[in-house]
1. Hey, can you tell me all the residues within segment 18-36 that are within 12 Å of the ligand (Cβ to nearest atom) and under 19 Å from Gly103 (Cβ atoms)?
2. What residue, among those in segment 136-157 that are surrounded by 15 or more Cβ atoms within 10 Å (Cβ to Cβ) and of a type in the set (A, V, I, L, M), is farthest from Gly49 (Cα to Cα)?
3. With the checklist (1) in contact with a strand residue (DSSP E or B) (Cβ under 9 Å, 6 or more places away or on another chain); (2) within 13 Å of the ligand (Cβ to nearest atom); (3) part of a helix (DSSP H, G or I) in hand, flag the one item Gly49 doesn't pass.
4. Looking at (1) free of Cβ contacts under 8 Å to residues at least 12 places away in the same chain; (2) under 18 Å from the mean Cα position of the chain (by Cα); (3) closer than 30 Å to Lys2 by Cβ; (4) in a helix (DSSP H, G or I), can you tell me which one Gln104 breaks?
5. Quick test of your reading of the structure: Val132 fulfils all but one of (1) more than 10 Å from the ligand (Cβ to nearest atom); (2) in a helix (DSSP H, G or I); (3) open to solvent by less than 90 Å² (accessible area, probe 1.4 Å). Name the failing condition by number.
6. Step by step: first the residues of segment 76-115, then only those that are touching a helix residue (DSSP H, G or I) at 6+ places or on another chain (Cβ under 7 Å) and open to solvent by less than 40 Å² (accessible area, probe 1.4 Å), then the one that is farthest from the ligand (Cβ to nearest atom). Which residue is that?
7. Quick check on my filter: what residues within segment 1-43 are polar (S, T, N, Q) and at pLDDT 95 or above?
8. Which one of these is within 19 Å of Glu114 (Cα to Cα) and either assigned to a helix (DSSP H, G or I) or in contact (Cβ under 8 Å) with a residue 24 or more places away in the chain (or both): Ala94, Ala25, Ala60?
Amino acid sequence: MKKRAVFPGSFDPFTIGHESIVKRALPLFDEIIIAVGINTQKNTLFSAGERVRMIRDVFASEEKVKVETFTGLTVEFCREKGAGYLLRGLRTSADFEYERAMGQMNKKLAPGIETVFLLTSTEHTPINSTIVRDIIKMGGDASPFVPESINIKDYLH
Ligand code: ADP
């Protein structure tokens, strides 16, 4: 059976921190589905379609990476996709506390799915979509924080 992982997130926008986690996880799995969460409660800067487009551009030449949207419970999406692994990145102790609760609750909901955590690379620890979003909103240059193939200007309305 294929070793398939789902990497869920808001990715508003997708950063070099996210890119690094996916690239480092590639040798561990046969397929990684980057799952862009659609949360009607959350006001995002970029639409789900735009986020999918940005991420597809980044991994255009990587056959093992798929990009999809999802709604509802992440573990349900994993089941639908036949994915046995959830991939998450850990930056700080704050991330850890949140991820621990989420991971343990997901394990109760879906005992067959394992969450796999990768520690962020040192240089990506401060990179955070919320701050990148603020930089963009205030007209700053976000290019040092997003993958090279993403030209944020193409996505500004
Ligand atoms: P969410 O809304 O689920 O927190 P994010 O888009 O913020 O979605 O993050 C998705 C995943 O990527 C999470 O596991 C998060 O910890 C991880 N992540 C976010 N930024 C970085 C980074 N700079 N380095 C490594 N992992 C990161």
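1. Our first condition is that a residue be within 12 Å of the ligand (Cβ to nearest atom); within segment 18-36, this holds for 18-25, 34-36.
Answer for segment 18-36, where residues must be within 12 Å of the ligand (Cβ to nearest atom) and under 19 Å from Gly103 (Cβ atoms): His18, Ile21, Val22, Arg24, Ala25, Ile34, Ala35.
2. By that ranking, first place goes to Ala142.
3. (2)
4. (2)
5. It fails just one condition, (1).
6. So in segment 76-115, the residues touching a helix residue (DSSP H, G or I) at 6+ places or on another chain (Cβ under 7 Å) come out as 86-90, 106, 109-110, 113, 115.
Now restrict to residues that are open to solvent by less than 40 Å² (accessible area, probe 1.4 Å): 86-87, 89-90, 106, 110, 113, 115.
Details: Leu86: 9, Leu87: 8, Gly89: 2, Leu90: 6, Asn106: 12, Ala110: 17, Ile113: 15, Thr115: 9 Å.
Filtering first and then ranking leaves Ala110.
7. If we filter segment 1-43 for residues that are polar (S, T, N, Q), which is where we start, we get 10, 15, 20, 39-41, 43.
Scanning segment 1-43 gives Ser10, Thr15, Ser20.
8. Numbers: Ala94 fails: within 19 Å of Glu114 (Cα to Cα); Ala60 fails: within 19 Å of Glu114 (Cα to Cα).
Checking each option against the conditions leaves just Ala25.
The values are calculated or read from the model by the stated rules, or taken from the named source; none is laboratory data. These numbers were taken from a predicted model, which means no experiment stands behind them. Glycine gets a Cβ as well: all are built from the backbone with ideal geometry, and neighbour counts include every protein chain shown. Just so you know, the surface numbers come from the protein's heavy atoms only, side chains and all, with ligands and any DNA or RNA stripped out. Shrake-Rupley method; radii C 1.70, N 1.55, O 1.52, S 1.80 Å.
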